[in-house]
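The values are calculated or read from the model by the stated rules, or taken from the named source; none is laboratory data. Computed from a prediction, not measured in an experiment: that's the story for all the values here. Note that each Cβ is placed from the backbone with ideal geometry, even for glycine, and that neighbours are counted across all protein chains shown. The accessibility values were calculated without ligands, DNA or RNA, using every heavy atom of the protein model including side chains. Shrake-Rupley method; radii C 1.70, N 1.55, O 1.52, S 1.80 Å.
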Amino acid sequence: MLGLKLPTDPRWVNIVEKNIDEILTDHAYCEQKAAATAISLIVSFPEYTELVQEMIALVREEMGHFKMVHDRILERGQTLGRDRKDEYVNALLKFFPKGGSRTTQLVHRLLYAGLIEARSCERFRLLSEELEDKELAEFYHKLMVSEAGHYSMFLKFARQYGDRNDVNQKWEDLLVFEAEIMKDLSKNQSIHG
């Protein structure tokens, strides 16, 4: 369903299990950044009323997820660690050239957001199926369902606001590029890395 060209190496879960506290901190910041992305889309493209409405709802949901992850961190007797660079996102954001029309910029940002959500969904599925901690596995199953809805929403808006054939080609090209990025990842204690 997600269209990802390269699945996550299942051994990534072994890295996660040895570094749960690090993963939870990274995950908390991912949720915060997703909310920030939605706010940024509202600020940058206020004239797209339907998008703005959906982004308002998304901000609430992502901050709710941030709180859920933060609560897990506190339950484990930890505190939220410092944010660190997301190598995956930084590499991904180099794909589309800067500039272009406002519509082109919007479509590119929507495609990036959709792909990040798709990869998160895929990672959460893996965690929900493979983690030995069944309570944490169930937690990630619930989040996986939510991420799938986000992925499809961003892709729907990209196709709605851009030329559908052009958007579909860009999506395919971005998926291929993302697969190349993933070849060097799945080795770190982070949600995307």
Exercise. Right, Gly99: open to solvent by less than 70 Å² (accessible area, probe 1.4 Å) and at positive phi or not?
Worked result: yes
Flagged in region 4-14 as modelled with pLDDT under 90 and either open to solvent by 40 Å² or more (accessible area, probe 1.4 Å) or within 15 Å of Leu74 (Cβ to Cβ) (or both), in numbering order, are Asp9, Pro10, Arg11, Asn14
Scanning region 91-146 residue by residue, the ones that are among the charged types (D, E, K, R) and in contact (Cβ under 8 Å) with a residue 60 or more places away in the chain total 8
Of His192, His141, the only residue that is surrounded by fewer than 17 Cβ atoms within 10 Å (Cβ to Cβ), touching a helix residue (DSSP H, G or I) at 6+ places or on another chain (Cβ under 6 Å) and within 16 Å of Leu2 (Cβ to Cβ) is His141
Gly81 meets each of (1) in contact with a His (Cβ under 8 Å, 6 or more places away or on another chain); (2) in a loop (DSSP other than H, G, I, E, B); (3) open to solvent by less than 50 Å² (accessible area, probe 1.4 Å) with one exception, condition (1)
- prompt: Can we say Lys67 is exposed (fewer than 13 other Cβ atoms within 10 Å of the Cβ), free of Cβ contacts under 8 Å to residues at least 24 places away in the same chain and not in a loop (DSSP other than H, G, I, E, B)?
  reply: yes
